[in-house]
Structure formats: structure tokens, C-alpha cells
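Working notes, structure below.
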Amino acid sequence: MALIKVNNLSKRYGNKTAVNNVNFDFERGKCIALIGPNGAGKTTILRTLSGLLKPTSGTIQFADEKENSDIRPHIGYLPQYPSFYGWMTGREFLIFSGELAYLSKDEAKKRADELLKKIGISEGASNERISRYSGGMKQRLGIAQAIIHRPKLLILDEPVSSLDPIGRREVMTLMEELKNEMTILFSTHILSDADEISDELLLLHNGEIVESGSMDELRAKYQTSKIELAFENDLEEYKEKIDQLNIVSDSMIERGLLHVTASDISQARKAILETASQEDWPLTTFTINRASLEDMFMKVVNK
Amino acid sequence: MQFNTLFKKEMLENWRNKKWIWVPLVIIILSIMDPITSYYLPQIMESVGGMPEGTTFELPEFLPAEVVTMTLGQLSSLGVLIIVLMSMGTIAGERKSGVSELVLVKPVSYKNYILAKWSSLLVLVWFSLALGILVSWYYINLLFGELSIVALLQIIFFYGLWMTLVVSLTIFYNTVFRSSGLVAFLTILTIMTMSILTQIFGTYLAWSPNNLSSYIFEAVLTESIPSELIGTSIVTIILSVGLLIGSFYIFRTKELAN
Amino acid sequence: MEEINWALIAPLLVIQAILMIVALVDLVKARDTNGPKWLWLIIILFVTTIGPIIYFIFGRRNR
């Protein structure tokens, strides 16, 4: 049974449609990445799921709760730019967050100390005012406050995009650990981050989900590898020859390389190499380039 | 329980940002400024000079009730301004900075959130007011004549209702707007409009909250509670509670993120 | 002005002094303020009562 099921969700501001008729659902225990360029509607979707925004139309169904019921008890949320009470200490803020989510005072304290250790904030730092924390510390504290009440679903809005490489690595490691404990839905515009930890992808463009599926499914569907060739002399001549091989779906010359796209890459490789050796082509470069996530995304968006 | 958590957070915040120190001190200063200066008015005028030689100062002796009115006058102008300014960002500021997102995404009841803001401000305001009026009462007894303890308690209670309305107005505008400057501006504007309307339509608006101070004067002077004071108090309480309920409603229908 | 009973005015002066000291301590400990610190220092020191008040309302940075 799906943990969350989103039906025909739309969000409009006046004439502007931020999210248009979005449908998706996912299972417990998955790590889902919401990918899209800035302004695609990622934040709007996450804020609507977390209850901070009301959908213009459509429903959100959480596990066996009623449609559109208050699902905040089951959700942990970290906004893209979290801001805290700077006058509180990190530990105070965690206890406060826990108590708001109906943990008892003792439970909240215990859980706060447990999480501070987990996110690597020392005892000394945890008793300092948050206004003195670095960006990475704040982001980790943000994750801790989001999971203090052991939510079933953790929603993270661009959790790593504002961090330096060290902070980014820390947060990615933390997310990797949390994957085992809860379902995670996070947004990012950095495709390699999504590639690194997510099981499933939702590709968002102009407020609509244009593609979804597991990493492998999407690869299988969109991965058309390219062969890049270079010769000692004129490329045009060989382009014609390769086009005649009947294995090529597209070929073009760009930046001194002949780019060959084929649906069956191994067959194409065999045909090209055989011909090249029979006719003794002066080949200088032969590279097989697997399409990156970026290429895949561009393809989906442009289709 | 959740209310307690939010309420304690507000109290701790107002302690750490020193409101619990400076607001009472300022209210005390405002409360005793007029009793002291009116007492020393003859000397002050003399030392300032500029009067023709031989002018004698014939200043009327002030009645205790009149001095009470002076104190309340100070509190109603500068006091109200300070209370509005210190509470203008209590919700608006949290929404602007975004910290309210972290709080309200927890299963927090919006009612508790607003109620905690409202009541923690009231505790601070009532405490400051009681202290200020107590010190003023002490000075009045010392300098102008006797004022009973009953009168003291009446002044604190009835004038406190006026300040409760001021706080409720601020909370109300806090739930509507995100800019704390706008909240302060509209609260002051509303109070001024109410005051002008009360002056123009005085006969129809006998129970306008703006009349509280003058009925308190009457009560202290006649050592009895005029029926208008009761009526005005009830109106003030109803308005305050109405604004509070209105705030719940607005906040619920409002989207918490922009 | 010798007729003035200073015992009556002393409390007022003491309260104003406390207000100023609390504002000064807060200013010194603050990491940053809205506007330059030195300006707030001057305002708190030289504008009696009003100075500390406007520092607390407009100068402090809470977040």
C-alpha cells in the first residue's frame, strides 16, 4: 500500500500555475528525489505535502488516513532555507520541536541528545546559541528537528544545494543512514545528488511531472549511448559511410568529432569497427559515451 | 501541554531579549513622570525663568484623581506606542524570517500558537502596568493626597482591559500581515480612528473603550463604580475576545508559506 | 532648586540608569545590530530613556 498518494494536485497563484495536475504515489521505505530546474514547482509540491500550503485542487492521501486530513504528525519537514530561533541553543530547539510534536519532556530530552550525537553536534556546541552555528550545522540541526518525532515521511527541500562540499558530504551521509529508518522525499536541481541516493525519481518541469520511475527504469528507457569518432582526415567522408551502414539513428559533426547515435549500441560498435578495419580507416578516437542524467533530463523535457 | 510548550518559549524569549526588564522599567518611568513633574511644576517654571519679575505662581492643587488621569494619559499615548512597537513582530516577524514554518509544520494547533503569543504578551503588559501604576500610586499618596488601595486595584484592573484590547489588536494585525511595520501602523491607526469616532459620536458611543480612562477618573473621584465603566469594560472584553477569535480564523485560512 | 526633595526623584534616576546599563550590556554582548554599533552606543548614552528604548525596539537583532 502506498505511503502517500497524490491525486490531480494543482496549485495556482492567480493566473500563474505553479503545480499542474500532478499525480504520484510511493511506497514506504523508499528514497524519492524530486528533480527539476529552479522554478519547476518542487518547493510548492513539498510545502503542499507538508501542509504549509493548501492545494487549489486535488487530494493528498497519507497511508490509511482520510483524504486531506492533517498529516503533520507523520511528517518531518526541512525547508530550503531553514531559519531558527537564534536565541535558543541547538539542544533547546530540538527539545522544543519534540514537545510540539507531543513527545513528553523526558522523551524529548532523550531524543534530542540522541540526535545531537547522530548529527555530530558536540555537547559544547549543542548548548550554544543557534545564531553562532555555521550553515552546515544549521542544516544538520534542521534535519534533526525534522525527525525528532520519528515521522514516517521525511521531506527535505534542496537539503544540500546551499552547502559547501564538506557540509554537503555530511548531509548526504546522514540521509544515507536515515534511508533505513524512514521514507525520504527530497528535492534537488543537482542530478548527481539524486543519482547518488535516491531509489526513485520524479522529474518535474513547468509544474508537471514529466517522467518518473526508478533509476534503472529511466536509464533503460532513455539511455541511448553515443559513439564519438575522430579521423586523421575529413570527417564528412566517413559520416556518409557510417550513415550507409544502416545501424545509425543519427549522426552529426560537432567540435571536431563525429557523434553517432544508435539504438543498439553494441551492434553499432561492431559494424563500425569491422568496416573500419576492413577499409583501414585512419581512426584516431573511438569513445562510447553513456548518456548522463543531464542528457536524459533534457530529452524528457524536450520531448 | 502544547500550549505550555509554546507559552514557555514565549516567556523565555521575552526574558532573553530583555523585554521582561525594559518594558516594566519604561512603563514605571512613564507612570511616575507626570506625578513628579506636576508636583515640581512651580519650581520648574521658576528655574526655567523668562517670567516677568514678581510673577507669582498660582497653580491649582491637583486632586489625586487628576494625577491618576495624567498617568493614564501618558500610558495611553507613549505607553500604547511602546507596547505596540514591542509586539509588532511577534507573529509577523516569525513568518517573515521563516521560523514559523519549522514550528507550524509540527502538529501545532494554530489556536495554541496564537493563544501563547497573546497570553504571554498580556502577562508582560499586565505585570508592567501593575508595577507602573503601583509606583505612581505611591507617589500620588506621598505628594497629592490619599488614594485608597481599592482605587489602586480598580485602576490597574480597568486600565488593564484597555491594554488588553491594544495587545489583541496587535495580535490580530499580526495574523493578517507579514510586515511588522504595517502591523504597528495599522494598530495605531485603528486606535486613533476609534478615538476620533468616540469624540464625534460621543453620545452614541458612550461605551467606547477609549472612554475607559475618563470613567476610571470618575470612579476614583466619586469612590464608586459608574455603570458606564462596567458597560465599557464589557465592550472592551468582547472586542478583545472577538479579535482573538478573528485571529484564529484568519490564521487558519491563511497559507503559512508565501 | 534646593526645595526639591532628591529622595523623590532618585528612583526615577535609578530606573533610567538601570535601563541604560541593561541596554549597554546587551549592546556589548550583541554580535550584530541593525545599524552600526557605535551609533547605538551614542544613542544609548546620550538620549536619556528614549535612547535605550529605541535600541531595544529597533537596534536589537533577535534572529
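Please enumerate the residues belonging to the range A:104-121 that are under 23 Å from A:LEU174 (Cα atoms) and within 11 Å of another protein chain (Cβ to nearest Cβ). Hit for the range A:104-121 is A:ALA108, nothing else. Being of a type in the set (S, T, N, Q), in contact with an Asp or Glu (Cβ under 6 Å, 6 or more places away or on another chain) and at the interface with another protein chain (Cβ under 10 Å from one of its Cβ atoms): is that true of A:GLN80 here? Considered against the rule, which asks whether it is of a type in the set (S, T, N, Q), in contact with an Asp or Glu (Cβ under 6 Å, 6 or more places away or on another chain) and at the interface with another protein chain (Cβ under 10 Å from one of its Cβ atoms), A:GLN80 comes out as yes.
So which residues in the range B:90-100 are open to solvent by 10 Å² or more (accessible area, probe 1.4 Å) and within 8 Å of A:SER83 (Cβ to Cβ), if there are any at all? Step through it out loud before you land on a result.
In the first step, residues of the range B:90-100 are kept if they are open to solvent by 10 Å² or more (accessible area, probe 1.4 Å); the result is B:90, B:93, B:95-98.
Those that are open to solvent by 10 Å² or more (accessible area, probe 1.4 Å) and within 8 Å of A:SER83 (Cβ to Cβ): B:SER97, B:GLY98.
Selection of the range A:148-181 for residues being surrounded by fewer than 22 Cβ atoms within 10 Å (Cβ to Cβ), over 15 Å from the mean Cα position of the chain (by Cα) and in contact (Cβ under 8 Å) with a residue 60 or more places away in the chain yields A:PRO151, A:LYS152. The set of residues in the range C:48-61 that are under 22 Å from B:SER87 (Cα atoms) and open to solvent by 40 Å² or more (accessible area, probe 1.4 Å) comprises C:ILE50, C:ILE54, C:PHE58, C:ARG60, C:ARG61.
Looking only at the range C:31-42, how many residues end up being surrounded by fewer than 17 Cβ atoms within 10 Å (Cβ to Cβ) and over 12 Å from the mean Cα position of the chain (by Cα)?
Filtering the range C:31-42 down to residues surrounded by fewer than 17 Cβ atoms within 10 Å (Cβ to Cβ) leaves C:31-32, C:34-39, C:42.
Adding the requirement that they be over 12 Å from the mean Cα position of the chain (by Cα) leaves C:31-32, C:34-39.
Number of matching residues: 8.
Residue-by-condition table, conditions (1) part of a loop (DSSP other than H, G, I, E, B); (2) open to solvent by less than 20 Å² (accessible area, probe 1.4 Å); (3) at pLDDT below 95:
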{"residue": "A:PRO82", "(1), (2), (3)": "yes, no, yes"}
{"residue": "A:PHE93", "(1), (2), (3)": "no, yes, no"}
{"residue": "A:ASP106", "(1), (2), (3)": "no, no, no"}
{"residue": "A:LEU115", "(1), (2), (3)": "no, yes, no"}
{"residue": "A:GLY120", "(1), (2), (3)": "yes, no, yes"}
{"residue": "A:GLY136", "(1), (2), (3)": "no, yes, yes"}
{"residue": "A:GLN145", "(1), (2), (3)": "no, yes, no"}
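To keep it simple, each residue is scored yes or no on (1) of a type in the set (Phe, Trp, Tyr); (2) in contact with a helix residue (DSSP H, G or I) (Cβ under 6 Å, 6 or more places away or on another chain).
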site: B:SER128; (1), (2): no, yes
site: B:TYR138; (1), (2): yes, no
site: B:ASN141; (1), (2): no, no
site: B:GLY160; (1), (2): no, yes
site: B:ARG178; (1), (2): no, yes
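Looking at A:GLU196, A:GLU211, A:GLU228, which is the one that is touching a helix residue (DSSP H, G or I) at 6+ places or on another chain (Cβ under 9 Å), touching a residue at least 12 places away in the same chain (Cβ under 8 Å), among the acidic types (Asp, Glu) and not in a helix (DSSP H, G or I)?
Numbers: A:GLU196 fails: not in a helix (DSSP H, G or I); A:GLU228 fails: touching a helix residue (DSSP H, G or I) at 6+ places or on another chain (Cβ under 9 Å).
Just one listed residue meets the conditions, A:GLU211.
A residue that is assigned to a helix (DSSP H, G or I), small (Gly, Ala, Ser) and over 29 Å from B:ASN112 (Cβ atoms) cannot be found anywhere in the range B:237-258. Checking each residue in the range A:57-67 for being out of contact with any helix residue (DSSP H, G or I) (no Cβ under 9 Å at 6 or more places or on another chain) and exposed (fewer than 15 other Cβ atoms within 10 Å of the Cβ) picks out A:SER57, A:THR59, A:ASP64, A:LYS66, A:GLU67. Output the residues belonging to the range A:262-273 that are open to solvent by less than 80 Å² (accessible area, probe 1.4 Å) and modelled with pLDDT under 80. Listed by number, the residues that qualify are A:ALA262, A:ASP264, A:ILE265, A:SER266. Residue count for the range A:158-193 under the criterion of being in a loop (DSSP other than H, G, I, E, B) and farther than 20 Å from A:ASN38 by Cα: the result is 4.
Only one residue in C:LEU8, C:LEU24, C:LEU45, C:LEU19 is surrounded by 15 or more Cβ atoms within 10 Å (Cβ to Cβ), farther than 17 Å from B:ILE82 by Cβ and within 10 Å of the chain's Cα centre (by Cα). Which one?
C:LEU24
State all residues of the range C:6-34 that are at pLDDT below 90 and at the interface with chain B (Cβ under 9 Å from one of its Cβ atoms); if no residue qualifies, say none. C:LEU8, C:ILE9 - these are the residues of the range C:6-34 that are at pLDDT below 90 and at the interface with chain B (Cβ under 9 Å from one of its Cβ atoms).
Among residues that are more than 19 Å from A:LYS270 (Cβ to Cβ) and surrounded by 11 or more Cβ atoms within 10 Å (Cβ to Cβ), A:LEU218 is included. All conditions but one from (1) more than 22 Å from the chain's Cα centre (by Cα); (2) facing another protein chain (nearest Cβ under 9 Å); (3) open to solvent by 30 Å² or more (accessible area, probe 1.4 Å) apply to A:ARG72; the one that does not is (3). When A:TYR133, A:TYR102 are screened for being among the aromatic types (Phe, Trp, Tyr) and more than 18 Å from B:LYS8 (Cβ to Cβ), only A:TYR133 passes. Hey, does the range A:209-228 have a residue that's over 30 Å from the mean Cα position of the chain (by Cα) and at pLDDT below 80? The answer is no, given that none of the residues of the range A:209-228 is over 30 Å from the mean Cα position of the chain (by Cα) and at pLDDT below 80.
Return the only residue of A:ILE119, A:ILE95 being of a type in the set (Val, Ile, Thr) and under 16 Å from B:VAL103 (Cβ atoms).
A:ILE95
Residues of the range B:185-214 that are surrounded by 14 or more Cβ atoms within 10 Å (Cβ to Cβ) and over 21 Å from B:GLY242 (Cβ atoms): B:PHE185, B:SER213, B:SER214.
The values are calculated or read from the model by the stated rules, or taken from the named source; none is laboratory data. What you see is a predicted model; the values in this text were computed from it and never measured. Ideal geometry is used to build each Cβ from the backbone, glycine not excepted, and the neighbour counts take in all protein chains shown. Surface accessibility is based on the protein's heavy atoms, side chains included, excluding ligands, DNA and RNA. Shrake-Rupley method; radii C 1.70, N 1.55, O 1.52, S 1.80 Å.
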